[in-house]
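The values are calculated or read from the model by the stated rules, or taken from the named source; none is laboratory data. Remember, predicted model here, so these are calculated numbers, not experimental data. A quick note on method: Cβ atoms are made from the backbone with ideal geometry, for glycine too, and the neighbour counts reach across all protein chains shown. Please note that ligands, DNA and RNA were not included when accessible areas were found on the heavy atoms of the full protein model with its side chains. Shrake-Rupley method; radii C 1.70, N 1.55, O 1.52, S 1.80 Å.
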Amino acid sequence: MAHSGIDLLFQGQNFARFLQGFGVTLRVAVITLVIGGVLGVVLGALRTLNNRPLQVILRLYLEIFRIVPTVVLLFVVYYIVPQVFHLEMSGEMVAIVTFALWTGAEMSDIVRGALIAVPKHQVESAQALGLNRLQQFRYVLLPQALPVALPGTINLATRIIKTTSLLLMISVMDIVNVGQTLVEANGHKHPAFAFWVYGIMFIMYYILCAPLSWWAKRIEKQRLERSNG
Amino acid sequence: MDWTVIARSLPQFTAGFWLTLKLSAIGILGSLIVGALVSLAQYFKLPGLRQLATVYIEISRNTPLLVQLFFIYYGLPGLGVKLSATVSGVFGLMFLGGSYMAEAFTSGYNAISKGQLESGRALGLTNVQLARYVVVPQGLAASVPALAANVIFLIKETSIFTVIAIPELTNTALDLIGLYYRSNEYLFVLVVAYAIILIPLSVGLTWLERRVRYGTFGN
Amino acid sequence: MAEALLSVRHLEKAYQKNVILKDISFDVHKGEVVALLGRSGSGKSTLIRTLNGLEPFQKGELTFAGQTIVPNAATWLQLRQKIGMVFQSYDLFPNLTVLDNICLAPTKVAKRPRAQVAPEAKELLASVGLAEFAQRYPRQLSGGQKQRVAIVRALAMHPEMMLFDEVTASLDPEMVRGVLDMMVDLAKQDMTMIVVTHEMNFARQVADRILFLDDGLITADTTAEAFFTAPPTASAKEFLASMNF
């Protein structure tokens, strides 16, 4: 019976452990977003410069992270980095490094796209007014590029949150792993328990991602309406 | 890097390679069908179906494939629905991909200018005729770039099938690493295998985008 | 005078709280060319679009060929076969050849056999000097050529009346002549036409009547000659002075 399963969820420490897993998921996502975001802004700005070798290298970086599935990247960092750099890294650390590098690559493309979307004559007229390069960036480019980059960045944040579900694979006790453990401990007695655990997981991810998706959609719509006059 | 280790693993990787391709192909085809139906239900504002489509897209887009797979493979048996790992994988990919494809189609339809619709109406075309001769051909062409990006995305997502032990590429590599501890070799083959699938595909799709764009809109 | 082909009685249209058309009444007779003039924002484009069901209206009555128009989807679907319309932005279908653009509505809407429609379409194209473009795609045509094809596309339905909404407004100056010439020819063939335009010389020479719209109201309904020689209102006078022709 289905409701015999849901009771188990609130027995003993079960729900508290669930929330702990939720906390790990959230922590990894936030740290990834901050580090990857900063990396992406720097790389994205660099990609608008007229420097051929730099272009090629950064483009290659982006393409590698686009072609190789994130799961595979995760295991590459998990197995290779400790060997090559003789570093002991916790699972959470491995995940943050991988996800931040991937986020940086995706973010660089969003930032570059937003910067080149600002019409050239905007920069030229700023130059004509005597603004230096930093001032051009600060007062003309950035304010116009930010609204263009924002929806993509928010969507990237939801992708990061969803990607944290991979933490399970390198044995980090994230929300999915906690759920998995609970099911393994109780599932054989109550087959419906698994249904409720994964159902709750669905809801938790939905609660994290859906508001961000709505927000991204709303500001994108506003921006388009504004640019259409 | 030990090349004999790599050579000996090739039969397993070849099997994983074909399974990845096969499951991707079926899942993507299914996603396209689901996406087309869902986007049309939304475009024509079909009562009931349209709300259902919205709820589906919301859930599908805001949850990870891994959780979707666990729910289908481990959760549904609690309701008496038991599916094999492979079938769960394909259904999971279709569930995820359907909403991505639907949004790609929808953005294509929305890219059609109001003038195109009005001149079609002014000629006396019915809604169905308008869809068939104006909205669908132009909308499809406009959605090709997004559809192509989804194809690449979904192939990469099949790597997550490993969590329910479907012996595709990633699962093959992780299994071999578990058995023989040769992570460098097996991860190298794994990356190369994905590159063999995705690089030519991504080049081909870019070419297709250009062709379709020019063929339909001339720029 | 004979019965009007189109009569508009007390037409009113509001968009949310903005009243765009106020108590519009006029008649158009068979073979007549009526020019709708007015400043931008006066409501002339909205008015011509309501006559083809592209804009809904709240009050008033439209009669076409003696039949009162019940403004619902089915009626408009019927009527659009009899009322052709051409837009400022041409809006040829980019996914179809010129010939297919022209044949689409006659074959799919009017259900005529393509074997009958295609030769006629080619003839129409030839009559406006575009015979060799039949198999090309819209992207291979200039703006003026596209607009002439758009007119042919509407004519292929054998409409009883044609609506032109600023059809030359997007064209380069050297392209305008060809399109206007086509409309002059149509007028000579006694096509009933309602034309929204900024081409004052064209309106003066071709239109039988001028309707002048001012802030959603028809403030003048008179012959072209009278309108241009002695503008009936101060507003019309100002408008003509600003047009610089």
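For trypsin sites (Lys or Arg not before Pro), the sites in region B:1-55 that DSSP calls loop and that have at most 10 other Cβ atoms within 10 Å are B:K45. In region B:33-127, the alpha-carbon atoms span a convex hull of 108 Å³ per residue. Across peptide A:176-183, the mean count of Cβ atoms from other chains lying within 10 Å of each residue's own Cβ comes to 2. Applying a DSSP loop filter and a limit of 15 other Cβ atoms within 10 Å to the GluC sites (Glu not before Pro) in region B:125-215 leaves nothing.
Between B:R210 and A:I57, the FRET efficiency from the beta-carbon distance, with R0 = 22 Å, is close to 0.30. Helix screen, chain A: DSSP H segments with Cα axial length of 18 Å or more and mean Kyte-Doolittle hydropathy at least -0.5 are A:14-46, A:52-67, A:70-85, A:91-117, A:142-163, A:191-227.
The heavy atoms of C:S7 present about 20 square angstrom of accessible area, all protein chains included, probe 1.4 Å. In nanometres, what is the gap between the two model label sites at B:I199 and A:Q144, each 7 Å from Cα along Cα-to-Cβ? In this crude spin-label approximation the distance works out to 3.8 nm.
Each Lys or Arg adds one and each Asp or Glu takes one away; over the other residues whose Cβ falls under 10 Å from the Cβ of C:A134, this sums to 0. Summing charges over all other residues whose Cβ lies under 12 Å from the Cβ of A:L49, with Lys and Arg as +1 and Asp and Glu as -1, gives +4. Relative to the longest principal axis of the Cα atoms of chain B, the long axis of helix B:169-180 makes an angle of roughly 10 degrees.
Once the Cα atoms are used to define both axes, helix B:136-157 deviates from the longest principal axis of chain B by about 20 degrees. Using heavy atoms of the protein chains and a probe of 1.4 Å, the accessible area assigned to C:E61 is about 90 Å².
Shown for chain C: lysine pairs separated by 8 or more places, or found on different chains, whose C-alpha atoms are under 24 Å apart, numbering 28. Based on the Cβ-Cβ distance of C:N72 and B:L37, what FRET efficiency does E = 1/(1 + (r/R0)^6) give at R0 = 22 Å, to the nearest 0.05? So, using R0 = 22 Å, E works out to roughly 0.15. For region C:1-153, a Kirkwood hydrodynamic radius built from all Cα pairs, placed in the Stokes-Einstein relation at 4 °C and 1.567 mPa s, yields a translational diffusion coefficient of 74 µm²/s. The accessible area of B:F71, taken with all protein chains in place and a 1.4 Å probe, comes to roughly 40 Å².
Shown here for region B:135-196: chymotrypsin sites (Phe, Trp or Tyr not before Pro) in loop regions (DSSP other than H, G, I, E, B) with at most 11 other Cβ atoms within 10 Å, namely B:Y181.
Describe numerically, in nm with one decimal, the distance between label points set 7 Å from Cα along Cα→Cβ at A:L26 and at C:D221. Using points 7 Å along Cα→Cβ, the separation is 6.9 nm. Treating r as the C-beta distance of A:R218 and A:L46 and R0 as 35 Å, the FRET efficiency rounds to 0.70. Remark: relative contact order (chain A) = 32 percent; criterion is Cα-Cα distance under 8 angstrom and separation of 6 or more residues. Cα extents for chain B along the principal axes, largest to smallest and rounded to whole angstrom: 70, 47, 21. Candidate cross-link partners of B:K156 among the lysines, defined by an alpha-carbon separation under 18 Å and a same-chain spacing of 8 or more, comprise A:K162, B:K22. Need one word for the protein assembly as shown: rounded, prolate or oblate. Basis is the Cα gyration tensor (sqrt eigenvalues a ≥ b ≥ c); a/c below 1.5 gives rounded, then a/b vs b/c decides. Cα axes put the protein assembly as shown in the prolate bin. Ranked by the mean number of other Cβ atoms within 10 Å per residue, highest first, peptides C:123-129, B:142-148, B:102-108 order as B:102-108, B:142-148, C:123-129.
Once the convex hull of all Cα atoms in region C:163-227 is built, its volume per residue stands at 91 Å³.
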